[in-house]
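First comes the structure, then the notes that go with it.
All of the numbers you see were taken from the coordinates with simple rules; none came from a lab. Note that the structure is predicted; figures quoted are calculated from it, not measured. Neighbour counts run over all protein chains shown; Cβ positions are idealised from the backbone, glycine included.
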Amino acid sequence: MRIQIFFCGVAVIALGMAAMRILEKDAATGFLQGALTLGGGLLICGFFSLKMKWHGIIGAGVLALMGAARGLGNLPDLALFLSGERERGAAPVMELGITVVCLVLLARVLAALYRERIRRMLEE
């Protein structure tokens, strides 16, 4: 689970850096700042999980939930992008990438929490 948190954090940061090459300067700077914030937060949760496992995993889940919610709010822009309106460039596609990363991480965190709950119930 920890490796997935680290991988998702690095993937989000990498998408932000890719935006610097793909998007125009103003949009890329804002995208990079958001990606560094979200990806850095995920990396911090990953490092925190090394000391206190469940606190770091739950923190990563909360960050993934916020990232996914923000990305799902950008789905109308993706629909416009797919219909041919490309005034924002490739930003909606990159936002979709971050949304998918966050949704996968959120699903994995929820599955890990469910497995831990079952394990603790069986221990009793």
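Observations on the structure shown:
- Positions within region 1-16 being hydrophobic (A, V, I, L, M, F, W, C), in a helix (DSSP H, G or I) and touching a residue at least 40 places away in the same chain (Cβ under 8 Å), in sequence order: ILE5, PHE6, CYS8, ALA11, VAL12, LEU15
- Helices (runs of 4 or more DSSP H) lying entirely in region 17-124 (those with 2 or more residues that are crowded, with 20+ Cβ neighbours inside 10 Å and touching a Cys at 6+ places or on another chain (Cβ under 9 Å)): 25-51, 53-72, 91-123
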